[in-house]
Ligand code: ATP
Ligand code: MG
Ligand code: MG
């Protein structure tokens, strides 16, 4: 196949391998915080973390970064596993940062004993005020030189419940004048009085991200700790703690950063996605309008289409925002290759073939996927009374209207060529029935079927089709970059009020009654669809995954 050039992380990893670093071992991790469902940005990180391990015969572990008990839950843990598996990856082990609480505690005690950490009793505001600015040094805390014995005693108290939340924190004693703000005596531990979903009430003092992440990597033997660009400025602190921790000069994990994925017309922060769910602005984390992995799955995206998209956008060192049409073109490309072609009429009008025998039913052959030479086919019933799309008939049509209009021939897909003869309207002038005549020698496969006609229409038999609901989705937000345009943090005002359109009056061919949510379908001439999880045999419901063409670009 085509040889792809390496991304900059792969180049660095190959270089480390060449130099024999860490004994030629490759170990990565994907470290989600279980405080929400995974979104497409996480998919980009997953493809990197698992992809590197796969490519270089290493292992990628799943580590739940569960150091904040307030927002975390087992529901999220389970959903995260399901989504990673759906993307096609297998982790080596499952770890929890909370499994290292004792080791981290012991390390913190060691740093206190070495005079490298102290208990600060100032308020969060005062600590923030003393931080300084990137161009101005900070101010030392009045508690900075507290005796070691007192620090040890207070640190124990932070974890017994004797000390209220916010009353004290443990800080690293590094350098309040360092040009890297993260070195200005960063907080290592704070008190949180909330039971943890795994450790219960054992702990009251919890480590901060910066004091947990690198050490967790080290405890596990991670060789390449790949994360997003916002952690680049944390890297010196990551290395600082690891250097104090490490015992073996032949091993240390290496942090590397790539650009986050941002997509137009959506938001990618778990906090905002959670707000949409909690406030009922969407139907749940798996609402097909959400940028979550479960949302895309429910909407009919294939895992392959997400991989295609991630491959297209690549990994760089520059943050930006990716046009969602790139994701849509990836899913179109993928579903074009794998979807089953079916007939569905989403805005039906009756069409009567006046010269077709009453009571006659023909089984027409429909190839499931013309893109696949080994494709099977299914049958679709044809009869005198059909449904066609309302938009496919016009009484007075302009010149280039190659659909049904009196006097003009069109081909009915997999059936006959018919000539439109007229229509019937109700008192309001609305079209009630369309009439045409068929040419019995033009059935698919017969010689006369090769006659040149410009338009081909889809249809279903009125008596043999089944009713269905179709849900058409549009962009969740009406502006390109909601994160940038929101005023006073109110991104809710920017929601697209027309992001969901429900059509309740559709007719689909019978074959669709047997479909399952993960079957990929193309409603011919309309778009890619799948069956929704709300669908029942008595009430079929379909989601539009994506339209056939990009209707947004001209
Ligand atoms: P959020 O800002 O939505 O809360 P997060 O980064 O806090 O996201 P985590 O659960 O900590 O979410 O993320 C796990 C991993 O996924 C991290 O390594 C993080 O860098 C990566 N990740 C999160 N969001 C994106 C994104 N938009 N693009 C690429 N990687 C991402
Ligand atoms: Mg995080
Ligand atoms: Mg977060």
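Each reported figure results from applying straightforward, stated rules to the coordinates on display, with no laboratory input. Every value quoted in this text rests on a predicted model; they were computed, and no experiment measured them. Note that we place each Cβ from the backbone using ideal geometry, even for glycine, and neighbour counts take in every protein chain shown.
Nearest 10 degrees, 0 to 90: what angle lies between the long axis of helix 8-18 and the longest principal axis of the chain (Cα atoms)?
That helix lies at roughly 60 degrees to the long axis.
Over all directions, what mean area does the Cα convex hull of the range 349-458 project, stated in square nanometres?
Mean projected area for the range 349-458: 7.8 nm², to one decimal.
Taking every DSSP beta bridge with both residues inside the range 21-258, roughly what % is antiparallel (nearest 5)?
50
Using a Debye calculation, one point per C-alpha and no hydration shell, please list log10 I(q)/I(0) for the range 382-535 at q = 0.12, 0.13, 0.15 Å⁻¹ in order.
Values, matching the q order: -0.70, -0.78, -0.94.
What is the fewest-to-most order of 184, 475 by other Cβ atoms lying within 10 Å of their Cβ?
The fewest-first ordering by Cβ neighbours comes to 475, 184.
Over the alpha-carbon set of the range 109-175, work out the extent along each principal axis and list the three values in angstrom, largest first.
Rounded to whole Å, the extents work out to 38, 26, 15 Å.
Tell me, 272, 71, 425 in order of fewest to most beta-carbon neighbours within 10 Å?
Ascending number of Cβ neighbours within 10 Å: 425, 71, 272.
By per-residue mean of other Cβ atoms within 10 Å, what is the highest-first order of 226-232, 505-511, 146-152?
505-511, 226-232, 146-152
What base-10 log of the normalised intensity I(q)/I(0) is obtained for the range 235-274 from the Debye formula, alpha carbons as equal point scatterers, at q = 0.14, 0.26, 0.29, 0.35 Å⁻¹?
Reported log10 I(q)/I(0), two decimals: -0.57, -0.90, -1.01, -1.19.
In the range 269-343, if every C-alpha pair distance is counted and binned at 10 Å from zero, what percent goes to each bin?
Taking all Cα pairs of the range 269-343, the binned fractions are 17, 39, 33, 10, 0 percent.
Using a Förster distance of 25 Å, how high is the FRET efficiency between residue 503 and residue 401, based on the Cβ-Cβ distance and rounded to 0.05?
Taking R0 as 25 Å, the efficiency between residue 503 and residue 401 is 0.60.
Please compute the length gained on full extension between residue 354 and residue 126, using 0.36 nm multiplied by the number of residues separating them and subtracting their Cα-Cα distance.
So the extension gain works out to 73.5 nm.
Between 0 and 90 degrees, rounded to the nearest ten: what's the tilt of helix 148-158 against the longest Cα principal axis of the chain?
On a 0 to 90 degree scale, this one is about 40.
I'd like the antiparallel share, as a percent to the nearest 5, of DSSP beta bridges with both residues in the chain.
Percentage antiparallel, nearest 5: 65.
Pop a pseudo-label 7 angstrom from the Cα along the beta-carbon direction at both residue 365 and residue 496 and give the gap in nm to one decimal.
4.1
With the Cα gyration tensor of the range 39-94 in hand, give its eigenvalues times 5 under a square root as the equivalent ellipsoid semi-axes, listed largest first in whole angstrom.
So the three semi-axes of the range 39-94 are 21, 12, 10 Å.
Using 7 Å Cα-to-Cβ label points, what is the residue 321/residue 449 separation (nm, one decimal)?
Computed distance between label sites residue 321 and residue 449 equals 5.0 nm.
How many nm separate the modelled label positions at residue 25 and residue 102, each set 7 Å beyond the Cα in the direction of the Cβ?
My value for the distance between the label points is 2.2 nm.
What list do you get for 289, 235 if you sort them by fewest beta carbons within 10 Å?
235, 289
What value does the chain have for Rg/Rh, both radii from Cα atoms and Rh as Kirkwood defines it?
1.11
Within 10 Å, count the other beta carbons around each residue, average over each peptide in 45-58, 112-125, and list them highest first.
Put in order of decreasing packing, that is 45-58, 112-125.
Helix 303-313 against the longest principal axis of the chain: what's the angle in degrees, Cα atoms only, rounded to the nearest 10?
Its long axis makes an angle of about 70 degrees.
Where does each of 360-371, 337-348 land if you order them by average Cβ count within 10 Å, highest first?
Going by the mean number of other Cβ atoms within 10 Å, highest first, we get 337-348, 360-371.
Considering only DSSP beta bridges whose two residues both sit in the range 349-458, what percent are antiparallel, to the nearest 5?
Around 75 percent of the beta bridges assigned by DSSP in the range 349-458 are antiparallel ones.
To the nearest 0.05, how large is the calculated FRET efficiency for residue 333 and residue 156 if R₀ is 51 Å and r is the Cβ-Cβ distance?
Plugging the Cβ-Cβ distance into 1/(1 + (r/R0)^6) gives 0.30.
With runs of 4+ DSSP H residues as the only contributors, calculate the mean residue ellipticity of the chain at 222 nm using -39,500 (n - 2.57) per run, divided by the residue total and rounded to the nearest 500.
Only helices count here, giving -7500 deg cm²/dmol.
For the range 21-258, place one equal point scatterer on every Cα, skip the solvent, and apply the Debye formula. What is log10 of I(q)/I(0) at q = 0.14, 0.15, 0.17, 0.18 Å⁻¹?
-0.96, -1.09, -1.31, -1.41
Which value, to two decimals, describes the C-alpha radius of gyration of the range 147-264 once divided by 2.2 N^0.38 Å?
With N residues counted in the range 147-264, Rg over 2.2 N^0.38 Å equals 1.22.
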